[in-house]
Amino acid sequence: MSLPLPDDASASPELAAEYAAARDREGRVMAILRALGPRAEVVRAFLELTDAVLYGPAALGRREREVLALATSEANGASYSASVHARLLEDLGGRQDGDEALVAFARRLTLAPGEAEDAVAALPLSAEEISDAILVVSLLNLANRTALATGITSDDDL
């Protein structure tokens, strides 16, 4: 049985307002917002956290954050998120030489969270950049697990 995803017909007025704002921003309601369920406050909080972690000012560059997002999604086998972040990364110049440490960090923190301290110690970045990297991987693990548990695909975008 698949979990029913809220849509325009079943959304509460608060959730419908979040969907309308998403359409204004992006021209669509991405499936990940639907996968977060019927609680508008969760959708709003997820969007605020995503804006701060992935798109806002940070010590770690925007492209590097997308490298981490893609590597985390790939490690989780989350094809929906991987396809979204692969496109975003490509728009930012794609993977480059030197990204191996970021990819290894994202994979290790995702697949072996008990090794987090060692993963952090192996990352050749400043403390501020490492903090950003941890936040990106953590956010993407939340999004990936939500996407995987609900089985969303891009066909679920509204």
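Nothing in this text is a laboratory measurement; each read-out follows from the coordinates by a stated rule. This is a predicted model, so every value here is computed, not measured. Heads up, the Cβs are rebuilt from the backbone with ideal geometry, glycines too, and the neighbour counts pull from every protein chain shown.
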| Degrees separating the helix 13-26 axis from the principal Cα axis of the chain, which is the longest one | 60 degrees
| note | If every Lys and Arg gets +1 and every Asp and Glu gets -1 at its Cβ, then about the Cα centre the chain yields a dipole, in debye to the nearest 20, of 240 debye
| Helix 79-91 versus the longest principal axis of the chain: what is the Cα-based angle in degrees, 0 to 90, to the nearest 10? | 60 degrees
| query | Roughly what angle does helix 100-111 make with the longest principal axis of the chain, taking Cα atoms, 0 to 90 degrees, to the nearest 10? | reply | 60 degrees
| remark: Hits in the stretch 36-77: amide N under 16 Å from the 7 Å Cα→Cβ extension of SER12, namely 36-46
| the stretch 59-153: relative contact order as a whole-number percent, Cα under 8 Å and 6+ apart | 41 percent
| Roughly what % of Cα-Cα distances in the chain sit above 20 Å, to the whole percent? | 50 percent
